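Heads up: the structure comes next, in structure tokens.
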Amino acid sequence: MPEDVQVHRELDLKGEVCPYTFVKSKLILETMAPGEVLRVIVDYPPATGNVPRSMESEGHKVLAVNPAGDGVWEIIVRKKD
Amino acid sequence: MFRFTEEEIRRYSRNIILQEVGGIGQQKLKDAKVLVVGAGGLGSPAAFYLAAAGVGTIGIVDDDVVDLSNLQRQILHRTEDVGTPKVDSAARALSALNPGVQVKTYRTRLGAGNVMDIIREYDVIVDGVDNFSTRYLLNDACVMAGKPLVDAGILRWDGMMMTIKPREGPCYRCIFPEPPPPGVIPSCQEAGVIGAIAGVMGTLQALEAIKLILGVGETLTGRLLLFDALEGRFRQVNAARDPNCPVCGDHPTITELVEYDLACDLPFGVAAGSAERKIEQ
Ligand SMILES: [Zn+2]
């Protein structure tokens, strides 16, 4: 993720599994303004593939999927305009 | 943090995942009020799927009690419900499926005197009746009240349905101006009906209601959908609003609700002492 991306909302989904990782991310994204950035934290490995794929299919822009510590990943997504 | 409880998120996750629904659509379903007229063959699957989908308020109108011969197709009711009011066993079944749904029951027969009051608070009306008297009454009332009506009928192995959006498309009378004379079209009681055809058509009605609530897709407005189960074929017949329609036309001649006293409405209940009881589907 480029250093200068501003994150508007964070969602900690540690302990959550698919498909609820995406469902909950979607519910939060719906409340955000177009162009805003959401950072989702997951520790369920399949979510690192599933969540970005579902986000993209809804037209959002996945900016990055990064390891963020021990067994934890961050998914950075920009809400579609 | 979320507008839904943890339980709702899990219960409705397959809805919310859909692009056309999401949390916004799920909230629309939760806020929606749908009236299902008739807790019979069509009303059973329609109400079941509406409750499952999370429609917040479901009204059920029926004045009948459960009969053993209903259970071949009226899947809201159980064998042990025989003899109890259909609205009661319907409410039990729907609440058991989804306790989050508010079920309002009307143990009455729709008539010119009560139909406007009952439909007033609802967003969508689902017609699950199988007698022409109530069908025309409901059509006229929904046109007058400007309420969308999802109409369906079944007989033998055949089903028919259309969605009436008053003045946006045809109403039932635009296509069939007057009820058929008594005896021309047999009832399910006389002619039989395969239970699963009620399942197909009632489920399609639930889908139409859900589309109307969400504002997605194309409803069956101005399109008569016909299903022939024996042939396994759907057909579609286009129909336009008739500017000379007696109820939704430019110069309506029916401006007050009329009730047809059709002989074919009588049979079943007469022996049981209720001349008013409608033929159950
Ligand atoms: Zn009409």
Output the number of residues of the range A:38-73 satisfying the condition of being surrounded by fewer than 20 Cβ atoms within 10 Å (Cβ to Cβ) and in contact (Cβ under 8 Å) with a residue 40 or more places away in the chain. 4
Candidate set: the range B:163-215, residues that are of a type in the set (Ser, Thr, Tyr) and away from the ligand (no atom under 11 Å from the Cβ); chosen: the one most open to solvent (accessible area, probe 1.4 Å): B:Thr203
Residue in the range B:56-80 that is least open to solvent (accessible area, probe 1.4 Å), counting only those that are without any contact (Cβ under 8 Å) to a residue 40 or more places away in the chain and among the charged types (D, E, K, R): B:Arg78
For the range B:176-207, what are the residues that are at pLDDT below 80 and in contact with a helix residue (DSSP H, G or I) (Cβ under 7 Å, 6 or more places away or on another chain)? B:Pro182, B:Gly183, B:Ser187, B:Gln189
Which listed residue is of a type in the set (Asp, Glu) and away from the ligand (no atom under 16 Å from the Cβ), from B:Asp151, B:Asp228, B:Asp242: B:Asp228
Sort through A:Thr31, A:Thr21 and tell me the only one that's open to solvent by 50 Å² or more (accessible area, probe 1.4 Å) and within 14 Å of another protein chain (Cβ to nearest Cβ). A:Thr31
Wholly inside the range B:7-86, helices (runs of 4 or more DSSP H) that include 2 or more residues that are at pLDDT 95 or above and within 14 Å of another protein chain (Cβ to nearest Cβ) are B:13-17, B:22-31
Can you name every residue in the range B:93-148 that is in a strand (DSSP E or B) and either more than 16 Å from the ligand (Cβ to nearest atom) or open to solvent by 10 Å² or more (accessible area, probe 1.4 Å) (or both)? B:Gln102, B:Val103, B:Lys104, B:Thr105, B:Tyr106, B:Val124, B:Val126
Residue list for the range B:252-261, restricted to those being within 13 Å of B:Met144 (Cα to Cα), more than 10 Å from the ligand (Cβ to nearest atom) and not charged (D, E, K, R): B:Thr253, B:Thr255, B:Leu257, B:Val258
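The values are calculated or read from the model by the stated rules, or taken from the named source; none is laboratory data. Quick caveat, the model's predicted, so the values are computed rather than measured. Here the Cβ is made from the backbone with ideal geometry for all residues, glycine too, and neighbour counts use every protein chain on show. The area values use the complete protein model at the heavy-atom level, side chains included, leaving out ligands, DNA and RNA. Shrake-Rupley method; radii C 1.70, N 1.55, O 1.52, S 1.80 Å.
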